[in-house]
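Structure first, commentary second.
The values are calculated or read from the model by the stated rules, or taken from the named source; none is laboratory data. These numbers come from a predicted model, not from an experiment. No Cβ is skipped: glycine too gets one built from the backbone with ideal geometry, and neighbour counts run over all protein chains shown.
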Amino acid sequence: MKPQQGKSARPRTTRPARPDGGYADALGMLARREHSAQELASRLARRGHAPDEADAAIARLREQHYQSDARFAQALARHRAGQGYGPLRIRAELKSHGIGAATIASALAQLEVDWREVAAAQLRRHAAGKPATGTAAQARLAAFLLRRGFDAATVRALTRAQWADPDGESD
């Protein structure tokens, strides 16, 4: 029988325990990009660190201001808004990272983004200059904007404007 190829064929080696192993691993993760506390705890657990060790490492990083859920929320919200995602999608993603409602609201408020304009830009990009000529096309564009995380009122207003003025010369 032929031996298996790839990662699964190699035995997983465990890292020797270090006194600050969880802290050092978490610090290394934060050196690359911001992480939420929940994300750090999950990644440390996958690396074989005990939950108590991970909690202690995260607490130490917070005390030293290396880890901040508020800073993580602001960075992620800014990045996703720049990618053309709406506030509902950003809020859901932040919630999935274990960020609290007050921190999410603060991060979204600090963006100072005109969500209608972001949605209109996404609609123009997605439609690629082709007007929505039927209700099916209008529904497809509306579904696209809803998936991007824009609220129903914004989507309705933009798709009706697109329907009324397919050249996009309104407002």
Worksheet item: Across region 88-130, which residue is surrounded by the most Cβ atoms within 10 Å (Cβ to Cβ) among those that are under 15 Å from Asp69 (Cα atoms) and in contact with an Asp or Glu (Cβ under 8 Å, 6 or more places away or on another chain)?
Response: Ile99
Practice prompt. Tell me which residues, restricted to region 1-22, are in a helix (DSSP H, G or I) and either at pLDDT 95 or above or over 14 Å from Gln67 (Cβ atoms) (or both).
Written response: Lys7, Ser8, Ala9, Gly21
Item to complete: Could you please tell me which pairs satisfy a Cβ distance under 7 Å, a separation of 6+ or placement on different chains, a first residue in region 138-158 that is without any contact (Cβ under 8 Å) to a residue 24 or more places away in the chain, and a second residue that is crowded, with 16+ Cβ neighbours inside 10 Å and among the small types (Gly, Ala, Ser)?
Response: Leu141/Ala127; Leu141/Ala132
Worksheet, complete the sentence: In the set Ala45, Ala70, the lone residue that is touching a residue at least 24 places away in the same chain (Cβ under 8 Å) and either small (Gly, Ala, Ser) or touching a strand residue (DSSP E or B) at 6+ places or on another chain (Cβ under 6 Å) (or both) is Ala70
Worksheet entry | All positions within region 49-101 that are of a type in the set (A, V, I, L, M, F, W, C) and not in a helix (DSSP H, G or I) | Ala50, Ile99
Discussion item. What's the number of the only condition in (1) at pLDDT 95 or above; (2) touching a Phe, Trp or Tyr at 6+ places or on another chain (Cβ under 9 Å) that Leu123 fails to meet?
Written reply: (1)
